[in-house]
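*Asks:* A single structure is presented below for examination.
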Amino acid sequence: MNRNTFLQTLAGALGLSSLEAGARPEASAAKPYIVFVTGDHEYSSELTLPIIAAELEKKYGMRTKVLTAYPDYNAEKDIPGLEALADADVAVFYLRWRLLPKEQLAHIDKYLKSGKPVIGFRTTTHAFNYPEGDDRRPWNAFGEFAFGSPPGWGGAAKHTHYGHKSTTDVSVIPEAAKNPILTGVAPAFHAASWLYRVRPDFPPKDATLLLMGKAVNPDKEAIDNPVAWTWKNQWGGRAFLTTLGHPEDFQVESFQRLVINAIHWAAGKPVPKNWKGSMTINVPYGHPAKS
């Protein structure tokens, strides 16, 4: 099943108006409104995150909206509907090398400067890829100023990974074991994502590290790196970032719990006392790419 067929099937199965293009939330304002912004070439975020959104609506009393690149995930210059961020309580980003126009960036800029919480997945460390000389180029450092990650791919931070044939052993950092975001997360689990190198300069010293990753079968000498942390950005917004996010990671219950817990934390809500059960997320991996 290809991506487009999968997405059409998913939309029909969910039947949730707030996941439909152009729909506006009609539920009580007391329910947190979570806006997902997707647009990556590789990791099928336009398929995994709608399943998370549906779960939040059906079982956790939240309202959601999922925005996707137009006309498909490879389109770098248009994510319609970003004005929804004006009403969002939490913005969740899974982006990779976008080239959005200024009018769309303005919605993200306004949201960030409001001090509202943000959540980011994997390639959001290099969400934008404006060329030298473009006055939007400062947005290439979105990962740094929003989440405390390296400012884009490569560069002075030498942000890289340990090879597409590698995977990652993930473990809870002992000092963070009682952090509410880690409620129900196994002390150790395996992830399909190849480990991202963010050290030695990231995340910032004032970040709270939650999970550590160890590369398995790396293609170069590897060091252990944080794969999930929280931080407060310069506008006072709560930030959670994980460098995990391969579609197969979403099949792992501990990762599912991490994501659901992080969204509750970002929304200022207690993490669920009772886990509502694991989700079936069998999403295909996209096109192999360099990062």
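*Asks:* Suppose we take every Cα in the chain and form the convex hull; what volume per residue is that in Å³?
*Replies:* It is 122 Å³ per residue.
*Asks:* Run the reach check for Lys102 against aspartates and glutamates, Cα to Cα strictly under 15 Å, same-chain hits fewer than 8 apart removed. What comes back?
*Replies:* Once the sequence-local aspartates and glutamates are set aside, what remains near Lys102 is Glu76, Asp78, Glu83, Asp134, Asp135.
*Asks:* Can you give me the relative contact order of the chain as a percent, contacts being Cα pairs under 8 Å and 6 or more apart?
*Replies:* Relative contact order of the chain: 17 percent.
*Asks:* Here's another thing I want to ask about it. Please list the non-local residues whose amide H lies under 5 Å from the amide H of Gly152, H modeled 1.01 Å from N, same-chain partners needing a gap of 5 or more.
*Replies:* Amide H neighbours of Gly152: Gly143, Glu144.
*Asks:* In sequence order, what are the phi-derived ³J(HN,Hα) couplings for the stretch 176-185 according to the Karplus relation 6.51 cos²θ - 1.76 cosθ + 1.60 with θ = phi - 60°, rounded to whole Hz, with x for glycine and proline?
*Replies:* 9, 4, 8, 4, x, 5, 9, 4, x, 7
*Asks:* I would also like to ask the following. If you take the Cα Rg of the stretch 210-251 and divide it by 2.2 N^0.38 Å, with N the number of residues, what do you get?
*Replies:* Working: Rg = 13.3 Å, N = 42, 2.2 N^0.38 = 9.1 Å.
Compared with the compact-globule rule of thumb, the stretch 210-251 sits at 1.46.
*Asks:* Right, another one. Which cross-chain or sequence-distant (5 or more) residues have an amide H under 5 Å from the amide H of Ser193, H modelled 1.01 Å from N in plane?
*Replies:* Thr168, Gly245, His246, Asp249
*Asks:* Using a 1.4 Å probe on the protein heavy atoms, what percent of the accessible area of the chain belongs to carbon and sulfur?
*Replies:* Result for the chain: 51 percent of the exposed heavy-atom area is carbon or sulfur.
*Asks:* What is the spin-label model distance, in nm, from Leu209 to Ile223 if the labels are put 7 Å beyond Cα along the C-beta direction?
*Replies:* 1.0
*Asks:* Contact order normalised by length for the stretch 183-291, with contacts defined as Cα pairs under 8 Å and 6 or more residues apart; what percent is it?
*Replies:* It rounds to 25 percent for the stretch 183-291.
*Asks:* I'd like the Karplus ³J(HN,Hα) series for the stretch 210-219: coefficients 6.51, -1.76, 1.60, θ = phi - 60°, whole numbers in Hz, and an x wherever there's a Gly or Pro.
*Replies:* 10, 10, 10, x, 10, 5, 10, 6, x, 8
*Asks:* Something else about it: Please give the per residue accessible area of the chain, computed with a probe of 1.4 Å over protein heavy atoms only, in Å².
*Replies:* Using a 1.4 Å probe on heavy atoms only, each residue of the chain averages 43 Å².
*Asks:* Please compute the Kirkwood hydrodynamic radius of the stretch 163-232 from all pairs of different C-alpha atoms, in Å with one decimal.
*Replies:* On the way: mean 1/r = 0.0796 Å⁻¹.
This gives a value of 12.6 Å.
*Asks:* Which residues' amide hydrogens lie under 5 Å from the amide hydrogen of Arg98, considering only partners 5 or more residues apart or on another chain, with H built in the peptide plane?
*Replies:* Excluding prolines and chain starts, which carry no amide H, the hits are Phe128, Asn129.
*Asks:* Determine Rg/Rh for the stretch 185-290; Rg is computed over alpha-carbon atoms and Rh is the Kirkwood hydrodynamic estimate from the same atoms.
*Replies:* Taking Rh as the inverse mean 1/r over Cα pairs, Rg/Rh reads 0.97.
*Asks:* Quickly estimate the mean residue ellipticity at 222 nm for the chain, helices only: each DSSP H run with n ≥ 4 gives -39500 (n - 2.57), and the total goes over all residues, rounded to 500. Please list the in-between numbers first.
*Replies:* Numbers: 5 runs with 59 residues, N = 291.
Mean residue ellipticity, 222 nm, calculated: -6500 deg cm²/dmol.
*Asks:* Check the straight Cα-Cα distances from Lys77 and name the aspartates and glutamates below 13 Å, setting aside those fewer than 8 residues away within the same chain.
*Replies:* Counting by Cα, and skipping residues close in sequence, Lys77 has these aspartates and glutamates nearby: Asp40, Glu103.
*Asks:* Please list 3J(HN,Hα) in residue order for the stretch 153-166, calculated via the Karplus relation 6.51 cos²θ - 1.76 cosθ + 1.60 where θ = phi - 60°; whole Hz, with x for glycine and proline.
*Replies:* These are the phi-based 3J(HN,Hα) values: 8, x, x, 4, 6, 6, 5, 8, 9, 10, x, 5, 8, 8 Hz.
*Asks:* Taking 8 Å as the Cα distance limit and 6 or more residues as the minimum spacing, I'd like the relative contact order of the stretch 38-99 as a percentage.
*Replies:* 42 percent.
*Asks:* Work the Kirkwood hydrodynamic radius out for the stretch 103-183: mean of 1/r over every pair of different alpha-carbon atoms, inverted, in Å.
*Replies:* About 15.1 Å, per the Kirkwood formula over Cα pairs.
*Asks:* So which lysines pass the test for Lys269, namely a Cα distance under 18 Å, with those fewer than 8 places away in the same chain ruled out?
*Replies:* Of all the lysines, those that pass the test against Lys269 - Cα under 18 Å, at least 8 places apart if same chain - are Lys31, Lys58, Lys59, Lys116, Lys178, Lys232.
*Asks:* For the stretch 55-161, with equal point scatterers placed on the C-alpha atoms only and solvent neglected, what are the log10 I(q)/I(0) values from the Debye formula at q = 0.16 1/Å, to two decimals?
*Replies:* -0.74
*Asks:* Can you tell me which of 67-80, 267-280 comes out highest on packing, and rank the rest after it, using the mean Cβ neighbours within 10 Å?
*Replies:* Descending mean neighbour count gives 67-80, 267-280.
*Asks:* Could you tell me which of rounded, prolate or oblate describes the stretch 227-288, using a ≥ b ≥ c as the square roots of the eigenvalues of the alpha-carbon gyration tensor, with rounded for a/c under 1.5 and, failing that, prolate when a/b is larger than b/c and oblate otherwise?
*Replies:* oblate
The values are calculated or read from the model by the stated rules, or taken from the named source; none is laboratory data. Since the model is a prediction, treat every value here as computed from it, not as a measurement. Cβ sites come from the backbone with ideal geometry, for glycine too, and all protein chains shown count toward neighbours. With ligands, DNA and RNA removed, areas are computed over all heavy atoms of the protein, side chains included. Shrake-Rupley method; radii C 1.70, N 1.55, O 1.52, S 1.80 Å.
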